[in-house]
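Here is the structure we will look at, set down as structure tokens.
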Amino acid sequence: MVLKAFFPTCCASADSGLLVGRWLPGQSSAVILAVVHFPFIPIQVKQLLAQVQKASQVQVAVLGTWCHRQQEPEESLGNFLEGLGAIFSHDPWLQICRERGTRLWSCKATYRQMSTTPDMPTEDQVMLIFYDQRKLLLSWLHPPPVPPACQIGDSTASTRGLADIFDTVARSEVLFRNDQFDEGPVRLSHWQSEGVEASVLVELAKQASGPVCLLLASLLSLVSAASACRLWKLWPLSFIRSKLSTCEQLQHRLKHLSLIFSTEKAQSPMQLMRKANMLVSVLLDVALGLLLLSWLHSNNRIGQLANALVPVADRVAEELQHLLQWLMGAPAGLKMNRALDQVLGRFFLYHIHLWISYIHLMSPFIEHILWHVGLSACLGLTVALSIFSDIIALLTFHIYCFYVYGARLYCLKIYGLSSLWRLFRGKKWNVLRQRVDSCSYDLDQLFIGTLLFTVLVFLLPTTALYYLVFTLLRLLVITVQGLIHLLVDLINSLPLFSLGLRLCRPYRLADWCEVQSSGKGGRQAPPPPEQEPKCLASQINPLPYNHVVHTYRLPSCGCHPKHSWGTLCRKLFFGELIYPWRQREDKQD
């Protein structure tokens, strides 16, 4: 049988001593974590391992001996190391040795309890797999559904084996806190034996983050309590709050800030990564908002925008008037109903006149409004974009009214024609059973139905033309608002910290751990017993960028419902409103 021993590369040049690690019996593998050096007292080593087991809940034990003959030329050292197996009993007992003056390794595993003769223990071949302890400790495994070069049936076992190795190194972090500067009784070699990695600025930030988070959490709780006041639940305020994108975005950012400055510790790496992604998203949002604010307040750009807004509104109103006058004539040579065409045209022209009067009435205050709106950019670019979307909705409110009028009139005629068409076939719609049933009509009902059907058919082209024009204008406004909301959702949901971590430290997000030979890539069969042991190297394959985005994508605030293309086309054909102010809810008995 071939045993696998995962050996840290940081211990390849360490002095001789004992191998400390964890034995995985279900996988016939040994994960070596550190090397205990001489001199030591066996009882002190056992006490240290007991403390590590209690703190990490990992069965850490002495797995064997490590002999670096390049630094220890004495021949009696090997016999001494073999004698330690009687003090630290473990089956199998690993013996890993690095030859003097060469780069050759010798590895073997002995079983004393399974041997029939105690003087001649059985031996097994050992396959050495080197791994970077620092990268493996700092990484987080994301196993794929079916790992590469594995069958589907073996995917679960392989993934579980890798997860056990990653989990062993991660939970044994308490063992890596001792370095060469400690005055403890046991001297270890591991990835931090030269000195614990730390930063003065990071430690100061950790000490100051506690009071700062507590203060900000208290302030955010007050803001949340104020936003949950019953005053905001009254009808006009609740209606406006539910329809404005700015209120939705502010509420979304308030949830993010409450989670970021929460004093509760993250329970899993996923929660920690989510907090980091939210923090980077908020910081980038505020930075972009401050850049927009500085651009608006430089060179009097707010005044320029205010001076250009009223002429643009007048130009849009003028184009709409020309469009309505074209529709009131003979558009594209079509024969329209003259009376209905004039009524609808004058009705919409009157609305445009009211809108122009409203714009000119608000023109003296537009610059002050834009100045205060520009200040909101300090809350973030997403807040400024949400306000811009609400301004577009207010400036195009007359287009929305035209669309609602045309859609309601068109929908009324479509449903009227469908109902009268059922009358001709001797059927009716059963409201209670929600189905079409047969029905007998008398002569007067059929006569009136014929007259109404004829009137609706001849008036339908005029209504359909107005509905088509104003629907296209409404779709244009929705497209602009949709692009703005798409940009807002991109800033809110994009996991920027995870993408930066994948770019700068790809080993932190591990997708799979691949074992390769030093000469050729890929997995190879173990060598015969008469040859020297096989030495392989493990390589962490990072998670692909699309998986990073899919795994760590933050939830976004959708201000509008999402319809499929089929649902959208059906709504347009039957005249149902798309993205109205008040959504239609499904009623249940």
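The values are calculated or read from the model by the stated rules, or taken from the named source; none is laboratory data. Model, not experiment: these values are computed from the prediction. Here Cβ is always computed from backbone atoms with ideal geometry, including for glycine, and neighbour counts include all displayed protein chains. Protein only, heavy atoms only, side chains kept; ligands, DNA and RNA dropped before computing areas. Shrake-Rupley method; radii C 1.70, N 1.55, O 1.52, S 1.80 Å.
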_Ranking by accessible area, most exposed first, for 319, 514, 576 with a 1.4 Å probe_ = 319, 514, 576
_Estimated vicinal HN-Hα couplings, Hz - segment 36-48 in sequence order (Karplus 6.51, -1.76, 1.60; Gly, Pro = x)_ = 8, 9, 7, x, 8, 10, x, 5, 6, 5, 5, 5, 4
_Pairs beyond 24 Å (Cα-Cα), from 233/255; 4/135; 233/275; 4/54; 335/413_ = 233/275; 4/54
*Give the accessible area for residue 242 in Å² (nearest 10); use a 1.4 Å probe, count only protein heavy atoms, and leave out ligands, DNA and RNA.*
60 Å²
*Label points 7 Å out from Cα along the Cβ direction at residue 539 and residue 375: separation in nm?*
5.8 nm
*Could you tell me the accessible area of residue 390 in Å² (1.4 Å probe, neighbours in place), rounded to the nearest ten?*
20 Å²
_Sparse-neighbourhood loop sites, trypsin sites (Lys or Arg not before Pro) in segment 212-299 - DSSP loop, at most 15 other Cβ within 10 angstrom_ = 265
*Distance (nanometres) between label positions extended 7 Å along Cα→Cβ at residue 57 and residue 347*: 7.0 nm
_Whole-Hz couplings from phi, Karplus 6.51/-1.76/1.60, listed for segment 328-340; x for Gly and Pro_ = 6, x, 10, x, 6, x, 7, 8, 9, 6, 5, 5, 5
*Once the piece of chain linking residue 572 and residue 436 is laid out straight, how much longer is it, given 0.36 nm per residue of separation minus the C-alpha distance between them?*
46.6 nm
*Would you mind getting me the FRET efficiency between residue 140 and residue 89? Use the beta-carbon distance for r and R0 = 35 Å, nearest 0.05.*
0.50
_Students often check this: by mean Cβ neighbours within 10 Å, which of 185-192, 445-452 ranks highest, and how do the rest follow?_
185-192, 445-452
_Under 5 Å, built H, 5+ apart or other chain: amide partners of residue 125_ = 3
_4, 335, 413, 46, ranked by accessible area, largest first (probe 1.4 Å)_ = 335, 46, 4, 413
*asked:* Taking a ≥ b ≥ c as the square roots of the Cα gyration tensor eigenvalues, with a/c under 1.5 meaning rounded and otherwise prolate when a/b beats b/c, else oblate, which class fits segment 401-478?
replied: oblate
*Projected label distance in nm at residue 237 and residue 258, using a 7 Å step from Cα toward the beta-carbon*: 1.7 nm
_Accessible area of residue 130 in the full protein assembly, 1.4 Å probe (Å², nearest 10)_ = 30 Å²
